[in-house]
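The values are calculated or read from the model by the stated rules, or taken from the named source; none is laboratory data. Computed from a predicted model, the values in this text were never measured in an experiment. Heads up, the Cβs are rebuilt from the backbone with ideal geometry, glycines too, and the neighbour counts pull from every protein chain shown.
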Amino acid sequence: MHDVIILTSQSIREVEMARRGEKRDVILDAAEEIFSEKGFHLATVDEIASKAGVAKGTIYLYFKDKLDLFLSTMERKLIEMVSELEKVEAKVDDPVEAISQIIALNFKFAKSHERLIRHVTPEKFKPPADRFHGNRMPLVREKIFRPINRSIELIGRCIRRGQEKGVFKPDLDPRISSFALSSMVRGIAFARIIIPQLMVTNDESFEVIKTIFLDGIRR
């Protein structure tokens, strides 16, 4: 006797949502490869659709336009990094070690996605009207600034924990301190990629930032 599987309307919706999620990931994988190779302006939706093996119109079922797709590609990578940072903040009780690991993960992220960042970063220096095609800042805030702000929040938690343990200076503002560290790490990590003449390695950058920041906030 064969088991009979009855699909309810809810289970059908769940299956469809899973399929849509898989197809969205396939499109983002293709977009990451094309954007990494050509940058935002030279990449086309047609190329991305071809790489993903979907019709061009299918992409617009998931993304409003090329800019939305571009930002969603970056958002996915940033969310992956933030997920790793959350694990460190939750599991590493020693605040000094936690911050050291967070710095290392940021450099690892930049190293792993050098090809994409090399093309992405110059986009920030385009005139606003050209870059965002009008008022697209809400989309940028949602997809880029939100995960970055989350990473800054996690650093702030580690700093507060260090203050509570008597390891870090009590008069420091964790919010400002975490923003300063995040800016230092991203600035040097991205500069290494877009200005290769600097000839600075990830390991060298990591040690310098770790020493300057941690020595500065220790009691």
Wholly within segment 85-188, helices (runs of 4 or more DSSP H) carrying at least 1 residues that are modelled with pLDDT of 95 or more: 95-112, 146-164
Filter result for I176 (surrounded by fewer than 17 Cβ atoms within 10 Å (Cβ to Cβ) and within 22 Å of the chain's Cα centre (by Cα)): yes
Residues of segment 54-87 that turn out to be β-branched (V, I, T) and crowded, with 19+ Cβ neighbours inside 10 Å, as a count: 3
Qualifying residue in segment 39-47 (condition: in a helix (DSSP H, G or I), in contact with a helix residue (DSSP H, G or I) (Cβ under 9 Å, 6 or more places away or on another chain), exposed (fewer than 12 other Cβ atoms within 10 Å of the Cβ) and at pLDDT 95 or above): yes
